[in-house]
Amino acid sequence: MSVSSILNIARNALSASQTSLQVTSHNIANVDTDGYSRQEAVLDEMVPTPTAAGMMGNGVTVKTIMRYYDSYLDTVIANKNSDLSEQKVNAKYLSRIESIFNEDNSQLSTNITNFFSAWHELAQDPTSDGARQTVASTGDNLATVIQSMYQDLTAIQGEVNEYVATDVDDINRLTSSIASLNNLIFEANASGGGSANDYMDQRTKLVKELSGKIGIVTFEDSRNRVNVLTASGRSLVDGGSSWDLTTIQDKETGVWKVGWMDTNGKAADITDQITGGELKAYIDLRDNQIGGFIDDLDGLAKSVIEDVNYFHNQGNDNAGVDFFKPMTSGYARDITLSDEVKGSVQNIMISSTTANTTDNDIALRIGSLVDDNPIFGNTISSQAFASTSTALNISGYLSINGEQVAVGLNDTLTNIAANINAKTSVTGVTASIATTGSRSKLVLTGAASDLHVSLVNGNLDPSGTSLLGTLDTLVPSSDTTALSLRGRIELGQDPAALPPTHHYVDVARTDTLQNVRDNINAITATTGISATITNDASGYHLNLFRGVTPVSVDGDTTRSLGFDGSSYVNYTAGMVSNVGEMSKGATALEQYQEDTMAGLEQQRATVSGVSLDDEFANLIKFQHAYQAAARLFNVADELFQSLLTNVGAS
Amino acid sequence: MRITDRLRYESFKTNLNSLKEKIDKNQNMTASGKKILEPSDDPVIAGRSVQLQSALNMNTQYERNLDKLAMNGAFYENAVNQITNMLTRVKELAVSCASDNIDQTGRTSAADEVDGIVQQLVTIGNTKVAGSYIFGGKRALTPPFASDGTFSGTQDVINIAVDAKSTISGGISGATIFKSGTDIFATLQKFSTDLRAGDKGAIRTDMDSIDACTDQNSNNLAYVGSYTKSIDNLFDSNRAKDLTMNTTESDMVSADIASLVADYSTLSTAYQAVLYSMGKMQDLAITNFLR
């Protein structure tokens, strides 16, 4: 114990106060810094000196500079940021897609009704050239609207695609920054200088930003280094080294895929394994959602082109003139009027015969398409039956996407559904029963947007002894009105031929039972099957014979499995509803995530945030302590003075 | 719970922004008069609104179709009335020529008049309205009646859509008016020949034929009458449908302006309150109290 120890104490106190003041100033300066955790100099007693009188204290020292943070909260916030960023991207783009489909902007269903109205106008005024012109121009408008919606959708798709590539670059930048911060922190810790608080703040911030881009899992090792992996287990940051993601572009489609580079420089495709963050939203939007909308639009365009052309081709004694340019793919992208119609509106067909110059049956039929249900999409439902467990008395085959599923006389709706589901792995089509009230329907859902189901009669047995029942599934009340069924009647194969030839008759919506009979009879020479029509109380029956042998009718044939699709307008309305539903959901989810995130940030701020009131109080506190310590110097100095002046002076 | 400064400002900004969003949406709804601006506002109603709007559009087209039919209907009525008058005249001629009070010159001039009437009937049969011959059936580009009464149109007439999945005949064929049952032209031509021949017996037989024509014509008149009446009925139901659909649409989609304006004043009060309270909080900063 000496005067110099008092000086020491004073000096230590001063130094401690200065450090505290500096830390407080650092806090004040960073009051608005995002991701900053407030720091505090932790003061502790210096090691006491043992004396005869007991342990003598030696003043104060700054033990460490502590950072206030909650690592659990930081992890939760980072995870929440993944969800939030993903929803933000979803909400933003779905809102843009929604405005493409918004009827006020696109006028799609207005154009559809205008087009078919024009056909009705032409039908009631077959001699008018003006009406022809209107048909051509409304058709053109409809094609333009569909094309421009397609362009808008693919433009968004392209934009999202580019963001995938940009995001991967961002991710690489972030992972290498995190890795270098890991190194800095490691070195700071290793050199014993205490924890590197500011580096750790920066790193937390970068980890949060990274999790916004891609879903990650983090853990801190014993050396305070944060290791980052993608949620599916690929390492992104391992201690001081980082692993890059790369992008691989498909040359044909321009689509960017995300790859992970391993030590050998080979890239593994991880596009499907990304579970969160903006990257997932971009990939999902690009590949699934926008792709789905484009498919829907394509389905509409395909149906319009094919249905209108189907009837138009029958005009003027089946002259085969198309109204829309026929195509086999890219319907929404390329839909346009045919060259014939563009060349002259006189090529627009109104009458089915050239003799009846002002007959309007073709125009009327096309105009009436607006009320038809031509679009099947990827769900077809049958007519409603009263029970799922009583035998339907229908026999034949359902040809589903090329695969045959037998339907027997004793089969109930439930059995039929089960039989269809047994072949789902081959056809991709699943069957379910939908019950409303007391009636049930068979609903078929396909994976692709084009589900092809046709009604089929029994199979050919080459020996000629098997039964070819009537076409049990068709029993209309008239043989001269359109059956409104579309499908194919399989007349079996000729196994003797090489390759085995496939015989069939296509049934179109406008075909009457008489047409079907005539079509079957047209190929009797090759199939050996002929058809006649008989009439009884239950309706008209189509009877099939092999040779001259009449075939007995099996059971009650009053039921049919009629399938209905959806009208153009309903299909369009469905698209609008669908987009609206998705956008609404995304916005709601985004709002929810934002609110939750705000709550979490609030909790974090409670722990780590800087409150100016606190810091200013601390400033005053440490200022006084500094003043007191300075005063201590004075006292020690006076003591020295007394000692030096009084002791040893002569 | 510690409230930090940054947090205070952030939540102020968030609150202000969300109020501004609501005010903006309110103003958009007031300006457009619709409560559904985007499909996501109410997806189900948005879809139904599309369907309703399309049904309304098609209904307008069907109304136009009915207009055309009504116009043609008037011409048909006119034509059949004229035929009635002419047949009456022919009957008069037949009665006077069948008696013995008239000589051959009288009969010859009657025959001339009958020939004239035949030509008038041909002209009626070739009535052309807006570029198409209304009695031609499915061949309305060329005159269906030759001067000798031969009909080159079709008995079938075109169908016109008057409602979804509903069509009616778009006209009446000349064959139905002039040639079904009794052939009016053949009857009159024979009458004219018999007049010139002065064959009183034949003329009396012709009178029966003329009566048959008159009967048929009054049937036709009734038919045309009911045809035009049915068009009127269709008009009524078309307009009723229009009204119902318009009302439904307006209920579904139109905004209630009064409640929007009330909402706006609530929102703007809240907005001002937030601004005011933030301003007041500025004065409570510790820096104001330290020397």
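Throughout, read-outs are computed from the coordinates displayed, never taken from laboratory work. Because the structure is predicted, anything quoted here is derived from the model rather than measured. Ideal geometry is used to build each Cβ from the backbone, glycine not excepted, and the neighbour counts take in all protein chains shown.
Things worth noting here:
- Segment A:208-281 versus segment A:282-324: alpha-carbon centroid distance in Å: 40 Å
- Partners of B:Lys34 within straight-line reach, counting aspartates and glutamates whose Cα lies under 18 Å from its Cα and excluding those fewer than 8 residues away in the same chain: A:Glu98, A:Glu103, A:Asp104, B:Glu21, B:Asp24, B:Asp42, B:Glu249, B:Asp251, B:Asp256, B:Asp263.
- Assigned charges on the beta-carbon of Lys, Arg, Asp, Glu; the protein assembly as shown dipole about Cα centre (debye): 1760 debye
- Placing +1 on the Cβ of every Lys and Arg and -1 on the Cβ of every Asp and Glu, with no other charges, gives chain B a dipole of roughly 1760 debye about its Cα centre.
- Neighbour-count ranking [beta-carbon atoms within 10 angstrom, fewest first] of A:Met66, A:Met200: A:Met66, A:Met200
- Think of the protein assembly as shown as a dipole: +1 on every Lys or Arg Cβ, -1 on every Asp or Glu Cβ, centred on the Cα centre; then among B:Gln27, B:Ala70, B:Gln282, B:Gln282 lies furthest on the positive end.
- For B:Thr167, nonlocal amide neighbours, meaning residues 5 or more places apart or on other chains whose placed amide H falls under 5 Å from its own, are B:Val162.
- Here A:Lys257 is the anchor, and the aspartates and glutamates within straight C-alpha reach of less than 20 Å, apart from those fewer than 8 places off in the same chain, are A:Glu86, A:Glu159, A:Glu162, A:Asp167, A:Asp169, A:Asp170, A:Asp244, A:Asp269, A:Asp272, A:Glu278, A:Asp284, A:Asp287.
- Placing dummy labels 7 Å off each Cα toward the beta-carbon, the span from B:Tyr276 to B:Thr88 is 8.8 nm.
- Sorting B:Phe145, A:Phe186, B:Phe12 from the fewest to the most surrounding beta carbons within 10 angstrom yields B:Phe12, A:Phe186, B:Phe145.
- Only DSSP H runs of four or more residues enter the estimate; each adds -39500 (n - 2.57), and after division by the residues of chain B the mean residue ellipticity at 222 nm equals -25000 deg cm²/dmol.
- Positive minus negative residues near B:Val95 (Lys, Arg vs Asp, Glu; Cβ under 15 Å): -2
- Across the options A:Asn27, B:Ser54, B:Ser237, the greatest Cα extent toward the positive end of the charge dipole of the protein assembly as shown (unit charges at beta carbon of Lys, Arg, Asp, Glu) belongs to A:Asn27.
- Interchain or long-range residues, amide H under 5 Å from B:Lys34's placed H: B:Ala255
- For A:Lys423, B:Lys20, order by how many other beta-carbon atoms lie within 10 Å, fewest first: B:Lys20, A:Lys423
- 0 to 90° range, to nearest 10: angle between helix B:43-98 axis and chain B longest Cα axis: 20 degrees
- Cα centroid separation - segment A:136-159 against segment B:28-104, whole Å: 36 Å
- Here the 3J(HN,Hα) profile of segment A:18-27, calculated from phi with Karplus coefficients 6.51, -1.76 and 1.60 at θ = phi - 60°, is 4, 4, 4, 4, 5, 4, 4, 4, 4, 4 Hz, Gly and Pro shown as x.
- Label zone at A:Ala155, where the point sits 7 Å out along the Cα-to-Cβ direction: segment A:89-128 residues whose backbone N lies under 16 Å: A:93-102, A:105-107
- For a straight C-alpha distance cut-off of 15 angstrom, the aspartates and glutamates reachable from B:Lys179 (same-chain residues fewer than eight places away being disregarded) are B:Asp148, B:Asp156, B:Asp211, B:Asp215.
- Too-long pairs where the Cα-Cα distance tops 20 Å, listed order kept, from A:Lys80/A:Lys213; A:Lys88/B:Lys13; A:Lys251/A:Lys302; B:Lys128/B:Lys229; A:Lys342/B:Lys128: A:Lys251/A:Lys302; B:Lys128/B:Lys229; A:Lys342/B:Lys128
- Other residues within the sphere of radius under 13 Å centred on the Cβ of B:Val114, judged by their own Cβ, net out at -1 (K and R +1, D and E -1).
- Gaussian network model of chain B, springs between alpha carbon atoms under 10 Å - residue of B:Ser277, B:Ser109, B:Ser132 with greatest fluctuation: B:Ser277
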